[in-house]
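To keep things clear, I will list the structure first and then write my remarks on it.
The values are calculated or read from the model by the stated rules, or taken from the named source; none is laboratory data. This structure is a prediction, so every number in the text was calculated from the model and none was measured. Every residue, glycine as well, gets a Cβ built from its backbone with ideal geometry; the counts of neighbours run over all protein chains shown. These area figures cover heavy atoms from the full protein model, side chains too; ligands, DNA and RNA do not enter into them. Shrake-Rupley method; radii C 1.70, N 1.55, O 1.52, S 1.80 Å.
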Amino acid sequence: MQISITFKNIDSSDSLKSHTHEKFDKLDKMLDSPADAHIVLSVEKLRNLVDINLHCDKLKIYAKEESEKNMYAAIDALSDNVKFQ
(Lines give C-alpha, C1' and ligand atoms only; values in the text may rest on other atoms or scores of the structure.)
Protein backbone atom coordinates (compact mmCIF):
# COMPACT_ATOMS: atom_id res chain seq x y z
CA MET A 1 0.00 0.00 0.00
CA GLN A 2 1.25 3.44 -0.90
CA ILE A 3 0.65 5.68 2.11
CA SER A 4 1.14 9.43 2.07
CA ILE A 5 0.82 11.33 5.34
CA THR A 6 0.11 15.04 5.68
CA PHE A 7 0.48 16.94 8.95
CA LYS A 8 -1.78 19.95 9.49
CA ASN A 9 -1.34 22.25 12.51
CA ILE A 10 0.99 19.66 14.06
CA ASP A 11 4.72 19.06 13.79
CA SER A 12 5.81 16.08 11.72
CA SER A 13 7.01 13.19 13.85
CA ASP A 14 8.69 9.93 12.93
CA SER A 15 6.87 8.08 15.72
CA LEU A 16 3.46 9.17 14.37
CA LYS A 17 4.50 8.16 10.86
CA SER A 18 5.69 4.73 11.95
CA HIS A 19 2.55 4.15 14.07
CA THR A 20 0.35 5.09 11.11
CA HIS A 21 2.27 2.82 8.73
CA GLU A 22 2.12 -0.04 11.26
CA LYS A 23 -1.67 0.23 11.63
CA PHE A 24 -2.48 0.57 7.93
CA ASP A 25 0.02 -2.00 6.67
CA LYS A 26 -2.10 -4.56 8.52
CA LEU A 27 -5.08 -3.38 6.46
CA ASP A 28 -3.10 -3.86 3.25
CA LYS A 29 -3.00 -7.62 3.88
CA MET A 30 -6.81 -7.69 3.69
CA LEU A 31 -6.96 -6.08 0.23
CA ASP A 32 -6.83 -8.01 -3.04
CA SER A 33 -5.02 -5.42 -5.15
CA PRO A 34 -2.57 -2.54 -4.58
CA ALA A 35 -4.01 0.48 -2.80
CA ASP A 36 -3.23 4.16 -2.31
CA ALA A 37 -4.01 5.90 0.95
CA HIS A 38 -3.76 9.59 1.76
CA ILE A 39 -3.90 10.25 5.49
CA VAL A 40 -4.19 13.69 7.08
CA LEU A 41 -3.27 14.17 10.73
CA SER A 42 -4.46 17.49 12.13
CA VAL A 43 -5.12 19.28 15.39
CA GLU A 44 -7.99 21.73 15.93
CA LYS A 45 -8.13 23.21 19.42
CA LEU A 46 -8.26 20.14 21.71
CA ARG A 47 -9.29 17.63 19.02
CA ASN A 48 -6.91 15.28 17.24
CA LEU A 49 -8.33 14.49 13.79
CA VAL A 50 -7.35 11.78 11.32
CA ASP A 51 -8.81 11.52 7.79
CA ILE A 52 -8.16 8.82 5.21
CA ASN A 53 -8.88 8.60 1.49
CA LEU A 54 -8.28 5.01 0.42
CA HIS A 55 -8.46 3.90 -3.22
CA CYS A 56 -8.10 0.26 -4.18
CA ASP A 57 -9.28 -0.94 -7.58
CA LYS A 58 -13.07 -0.34 -7.37
CA LEU A 59 -13.07 0.29 -3.63
CA LYS A 60 -13.04 3.88 -2.37
CA ILE A 61 -13.22 4.67 1.33
CA TYR A 62 -13.27 8.01 3.09
CA ALA A 63 -13.27 7.93 6.87
CA LYS A 64 -12.62 10.39 9.66
CA GLU A 65 -12.01 9.95 13.38
CA GLU A 66 -11.23 12.27 16.24
CA SER A 67 -9.96 11.92 19.77
CA GLU A 68 -9.45 14.33 22.63
CA LYS A 69 -6.88 12.00 24.23
CA ASN A 70 -4.03 11.99 21.72
CA MET A 71 -3.21 11.43 18.06
CA TYR A 72 -2.35 7.75 18.59
CA ALA A 73 -5.88 7.05 19.89
CA ALA A 74 -7.37 8.75 16.83
CA ILE A 75 -5.15 6.70 14.48
CA ASP A 76 -6.13 3.47 16.26
CA ALA A 77 -9.84 4.33 16.08
CA LEU A 78 -9.60 5.15 12.36
CA SER A 79 -7.74 1.93 11.63
CA ASP A 80 -10.42 -0.11 13.41
CA ASN A 81 -13.19 1.83 11.64
CA VAL A 82 -11.73 1.22 8.17
CA LYS A 83 -11.22 -2.50 8.85
CA PHE A 84 -14.91 -2.94 9.61
CA GLN A 85 -16.19 -1.14 6.49
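Please list, ordered by residue number, the strands (runs of 3 or more DSSP E) wholly in the stretch 1-70 having 3 or more residues that are open to solvent by 50 Å² or more (accessible area, probe 1.4 Å) and within 16 Å of Lys83 (Cβ to Cβ).
Output list reads 59-67.
Go through (1) more than 9 Å from the chain's Cα centre (by Cα); (2) surrounded by 17 or more Cβ atoms within 10 Å (Cβ to Cβ) for Ser79 and report which single condition fails.
(1)
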